[in-house]
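The values are calculated or read from the model by the stated rules, or taken from the named source; none is laboratory data. Because the structure is a prediction, the values reported are computed rather than measured. Backbone-built Cβ (ideal geometry, glycine too); neighbour counts: all protein chains shown. For accessibility, only protein heavy atoms count, side chains too; no ligands or nucleic acids. Shrake-Rupley method; radii C 1.70, N 1.55, O 1.52, S 1.80 Å.
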Amino acid sequence: MSSNDTVIILKNVFKSYRQKSIVVHALSGISLEIYRGEIACIVGPSGSGKTTLLNIVGGLDRADSGRVIVDGVDITELDEGKLTEFRLRKIGFVFQALNLIPILTAVENVELPLAFMGLSKKERRERALEALEMVRLGDKAYRKPDELSGGEQQRVAIARALVTRPSIVLMDEPTAHLDSETGSELMKLVKRLNSKLKQTFIIATHDPIVVNSCEKVIRIRDGKIISIEGGRKSLSS
Ligand SMILES: Nc1ncnc2c1ncn2[C@@H]1O[C@H](COP(=O)(O)OP(=O)(O)O)[C@@H](O)[C@H]1O
Ligand SMILES: [Mg+2]
């Protein structure tokens, strides 16, 4: 079986959605492996299944069939409660819509996921400020989202994804609303965090700037993998 450095294994994952009378096959037999500490990107045109794939890896959505093994646990077998706990403990999400709450400051937005982790108010504030420091926004912690640039808001969303110290960070088209310079800054940040915290990143994108700075490139089309390039070798192989 897998060595313990394989952090994500998908085996023949299928997912379809019903849109009124028609069935859309979002994922049609996806199999892949991602190693611990890899920066992988999922590349494909709009509608190819990228978001669906991230949602299934992160336990936000369930596969119709196939296996999804994350950190040695088959999450397709978890009940809702266990799946919620899994998400909270292991996964950091940066959604395409950043979902920042406009009336809260940056640090308050970042603190939100910690509310469910049983930390004191003081600990929550410390952890949130530390996460903002990591994305180099320590000096803007008390601003509200509309007092920050698009790139800065993106970094707040990243800080919020990192504040629970997840082993896996999932990002959905993180550069979609950024200019190319801010986009490359973002990828530098991802690389810095990856080497410092050994986190695994999976990034859905069609931005060449992102693709060029990922170690592993997984191309999908119509819910199927068309190629996998690069990436680390398993230590056991
Ligand atoms: N919740 C949903 N309900 C119905 N259809 C969906 C839903 N989510 C995704 N789809 C469909 O599944 C396909 C893949 O979508 P998605 O994973 O969002 O692709 P991408 O992120 O690559 O643009 C698309 O045809 C989309 O319309
Ligand atoms: Mg998408």
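Converting phi to 3J(HN,Hα) with the Karplus coefficients 6.51, -1.76 and 1.60 and the offset θ = phi - 60°, the range 10-25 yields 10, 10, 6, 7, 10, 8, 10, 10, 9, 10, 6, 8, 9, 9, 9, 8 Hz in sequence order, with x at every glycine or proline.
Quick one: grab the alpha carbon gyration tensor of the range 84-237, order the square roots of its eigenvalues as a ≥ b ≥ c, and give me rounded if a/c is under 1.5, else prolate or oblate depending on whether a/b is larger than b/c.
Details: a/c = 1.97, a/b = 1.46, b/c = 1.35.
Verdict is prolate for the range 84-237.
Of all DSSP bridge pairs formed entirely within the chain, close to 55 percent run antiparallel.
Only protein atoms count toward the accessible area here, which uses a 1.4 Å probe; on the chain, the carbon and sulfur part of that area reaches 51 percent.
Oblate is the label for the range 117-203. Its Cα gyration tensor axes, ordered a ≥ b ≥ c, give a/c of at least 1.5 and b/c at or above a/b.
Quick one: grab the alpha carbon gyration tensor of the range 89-145, order the square roots of its eigenvalues as a ≥ b ≥ c, and give me rounded if a/c is under 1.5, else prolate or oblate depending on whether a/b is larger than b/c.
Details: a/c = 1.42, a/b = 1.09, b/c = 1.30.
Rounded, because the longest to shortest axis ratio a/c is under 1.5.
Can you give the net charge of the other residues whose Cβ lies under 14 Å from the Cβ of G29, counting K and R as +1 and D and E as -1?
Details: positive: K11, K15, R67, R221, K224; negative: D64, D222.
Summing Lys and Arg as +1 and Asp and Glu as -1 gives +3.
Please name which of V210, V169, Q199 has its Cα lying farthest along the dipole of the range 167-223 towards the positive end, using unit charges on Cβ (Lys, Arg +1; Asp, Glu -1) and the Cα centre as origin. Farthest towards the positive pole: Q199.
For the range 161-237, a simple Cβ point-charge model (Lys and Arg +1, Asp and Glu -1, everything else neutral) yields a dipole of about 560 debye relative to the Cα centre. Per residue, the range 57-177 exposes 48 Å² of accessible surface when a 1.4 Å probe is rolled over the protein heavy atoms with every protein chain present. Can you pick out the pairs among K121/K196; K15/K82; K15/K90 whose Cα atoms lie more than 30 Å from each other? Listed pairs above 30 Å: none.
Please give me the summed charge of the neighbours of K144: other residues whose Cβ is under 12 Å from its Cβ, Lys and Arg +1, Asp and Glu -1. Present the calculation step by step, with values, prior to reporting the outcome.
Working: positive: K140, R143; negative: E108, D146, E147, E152.
The answer is -2.
For K216, the aspartates and glutamates whose Cα falls under 14 Å of its own Cα, not counting residues fewer than eight places away in the same chain, are E33, E38, E229. Separation of the range 21-47 and the range 121-148, taken as the distance between their Cα centroids, equals 32 angstrom.
For K122 and R221, FRET efficiency with R0 = 41 Å and r from the beta-carbon atoms, rounded to 0.05? Walk me through the numbers before you get to the answer.
Numbers: r = 49 Å, r/R0 = 1.20.
After rounding, the FRET efficiency stands at 0.25.
What the Cβ-Cβ distance of S46 and F14 gives, at R0 = 22 Å and to the nearest 0.05, is a FRET efficiency of 0.60.
Among residues other than S167 with Cβ under 10 Å from its Cβ, the summed charge is +4 (Lys and Arg +1, Asp and Glu -1).
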